[in-house]
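Input: a single structure, listed below in structure tokens.
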Amino acid sequence: MKKLLKYFMLSSLVFLIGACTDLEEDLIGDITEEISVEGIDIEDTGGGGGELTAAYAELRNAGTANHGGYYSIQEITSDEMCIGAKGGDWFDGGILIELHRHTYTPSHGFINGTWVATYNAIGTINGKLGGGTLSGEETAQARALRAYFYWRLLDLYGRVKLVTETATNPPQASRQEVFDFVESELLAALGISEVSASMDLSSSLLADGGSAYIINRYGALGILAKLYLNAEVYTGTAMYDKAEIAASYIIDSGVYQLCGAGCTVKNLGQRKAVASDPDNLEGYAAVFAPNNEGNPEHIFSVMYDEVSGQGMNFSQMNLHYGSQFTWNFQNQPWNGYATLEEFYNSYEDGDARKAANFIVGPQLDFGGSAVLDYAADDDDIQLSYNPTINELEPNSSREGGARPGKFSFKQLGRDNMDNDFPIVRLGEVYLIRAEARARQAGDWKLAEDDVNVLRTRAGVAEYSGVLTGDEFLAERGREMFQETARRTDLIRFGKYNDTWWEKPASEPFRNVFPIPQDQINVGDGLTQNPGY
């Protein structure tokens, strides 16, 4: 239960019990005593606490779950999502189409914005590290958090400057040097010299558990596992053995559990007039719900809150304007992001992840009546999300594409959502260990045991001696949809330059983004990545 200290009363709540779609508010008073409202919180924890509150808040500021930054360039360059140009709506000068078709240039605004936001985050952390006020534990946290942001830069741009509290304008580092820095900072925070089967973390200043909003030793190991899983891409040297060890340490610790049967939260998006809406969300769906704080699967998460921790805008980004009446949103959605049909169809019917991840079909409002789209592209004015998208441009259908709904919505939601966003969660750790084992042995069947743990939770049949690399990538996509992993995964599997819907084959140099031209123009020694 989250607390609300001041809550304005509406003169009428008719739309909560019927099909009325008039959401005009008439504010007539307030309650000043403390009351509790499920799913709403205006207390600012910053997602961290103490000296590092501002540093942890940078996870939100750096575009983890909103439009125009890190989330966008990770997702709409992949085969998961697109943003179709609906006439002039969402054309945006063609920059979204450039991301989808891999024709982005050094002047692309999202690529520059992501660079700036990430370095702003690093600057905030450097300020704390150089301020002389952090405890030993806080210093370890700050170094691990900074390493995470440098992992993003390593993955996105390759060759960047390693700005620290003592090196304010260093030369541009090679990708190997950036990799080495990320690894060394995480190892230092863990209090070890290397990841090995005999490693002892007892001297680590990072906590052994605790809040998922504060990076602990398992969160740092999870980031290391991601780093090692992609080491061959970043440096040319495979480190799958270390990825497996780091992942196994987390799993075997028993500190975290998969959210499966019996792991439930109240369904804050429930429409009482719609019989298909459950009272509670269970298992996979609960991991990403608006009230998912404290989920046993979350190892390191970004704290989002509609008032005090803003920056998650999926309800606005994904949904058609008319879906405002399904959840009684404060404001009308923007009708942007949609799932590619082939990706949606990669799920079999009965997969609990398919039901949780996507919104499809005819839409009903809170009272159970049809949501209408009077400007529909066909003769049926009931809003109905169709997995098929007619075209990317110039007149992409208004209702085309299954809509991402994994980070589910609540009634009376604001523009900003409450759902915490996991950076490291146990489900992905199983996938990291599975892939690392398979790649070391050259046998994808060795990944089946760990993958089957997730498939059992999803309610689909286990693999038995049939798993291939391509099928593993598809399965990883089904589990990790909308978690900013797909671009990185496609690159690791050699698929990022393939063709898919409305995208031709692209050149291998696209596997890293260009160094933003605005940053090169500053004239402090940055050079462009090859091919751009």
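The values are calculated or read from the model by the stated rules, or taken from the named source; none is laboratory data. Keep in mind that what you see is a predicted model, and the values were worked out from it rather than measured. Backbone-built Cβ (ideal geometry, glycine too); neighbour counts: all protein chains shown.
Overview of values
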{"item": "Qualifying residues in the range 372-395 (those that are assigned to a loop (DSSP other than H, G, I, E, B) and touching a residue at least 60 places away in the same chain (Cβ under 8 Å)) - the one surrounded by the most Cβ atoms within 10 Å (Cβ to Cβ)", "result": "LEU383"}
{"item": "Of all residues making up the range 170-219, the number that are hydroxyl-bearing (Ser, Thr, Tyr) and outside any loop (DSSP other than H, G, I, E, B)", "result": "2"}
{"item": "Residues of the range 67-89 satisfying the condition of being over 17 Å from the mean Cα position of the chain (by Cα), touching a residue at least 24 places away in the same chain (Cβ under 8 Å) and surrounded by fewer than 24 Cβ atoms within 10 Å (Cβ to Cβ)", "result": "ALA85, LYS86, GLY87, ASP89"}
{"item": "Candidates ALA474, ALA434, filtered to the one that is hydrophobic (A, V, I, L, M, F, W, C) and out of contact with any Asp or Glu (no Cβ under 8 Å at 6 or more places or on another chain)", "result": "ALA474"}
{"item": "Entirely in the range 223-324, the strands (runs of 3 or more DSSP E) that have 2 or more residues that are in contact with a Ser or Thr (Cβ under 8 Å, 6 or more places away or on another chain)", "result": "280-282"}
{"item": "Restricting the range 173-213 to residues that are closer than 27 Å to GLY69 by Cα and in contact with a Gly (Cβ under 6 Å, 6 or more places away or on another chain), the residue that is surrounded by the most Cβ atoms within 10 Å (Cβ to Cβ)", "result": "TYR213"}
{"item": "Filtered residue count, the range 415-453, keeping only those that are acidic (Asp, Glu), assigned to a loop (DSSP other than H, G, I, E, B) and more than 24 Å from the chain's Cα centre (by Cα)", "result": "1"}
{"item": "Identity of the residue in the range 131-142, farther than 17 Å from ALA189 by Cβ and of a type in the set (Gly, Ala, Ser), that ends up nearest to the chain's Cα centre (by Cα)", "result": "GLY131"}
{"item": "So GLU348, is it assigned to a loop (DSSP other than H, G, I, E, B), among the charged types (D, E, K, R) and more than 26 Å from ALA286 (Cα to Cα)", "result": "no"}
{"item": "From the options THR484, THR488, THR456, residue that is out of contact with any helix residue (DSSP H, G or I) (no Cβ under 9 Å at 6 or more places or on another chain) and under 26 Å from ILE359 (Cα atoms)", "result": "THR456"}
{"item": "Single residue of the range 316-374 satisfying the filter (hydroxyl-bearing (Ser, Thr, Tyr) and over 20 Å from PHE288 (Cβ atoms)) that is modelled with the lowest pLDDT", "result": "TYR374"}
{"item": "Test result for ALA436, without any contact (Cβ under 8 Å) to a residue 40 or more places away in the chain, among the aliphatic types (A, V, I, L, M) and within 19 Å of ASN230 (Cα to Cα)", "result": "no"}
{"item": "Sole residue being assigned to a helix (DSSP H, G or I), surrounded by fewer than 22 Cβ atoms within 10 Å (Cβ to Cβ) and either in contact with a strand residue (DSSP E or B) (Cβ under 6 Å, 6 or more places away or on another chain) or not basic (Lys, Arg) (or both), chosen from LEU412, LEU473", "result": "LEU473"}
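Let's see how each residue does on (1) over 17 Å from GLN519 (Cα atoms); (2) modelled with pLDDT under 95; (3) touching a His at 6+ places or on another chain (Cβ under 8 Å); (4) basic (Lys, Arg):
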position	(1), (2), (3), (4)
GLY93	yes, no, no, no
GLU98	yes, no, yes, no
GLY113	no, no, no, no
VAL116	no, no, no, no
ASN120	no, no, no, no
TRP151	yes, no, no, no
LEU154	no, no, no, no
LEU162	no, no, no, no
ARG175	yes, no, no, yes
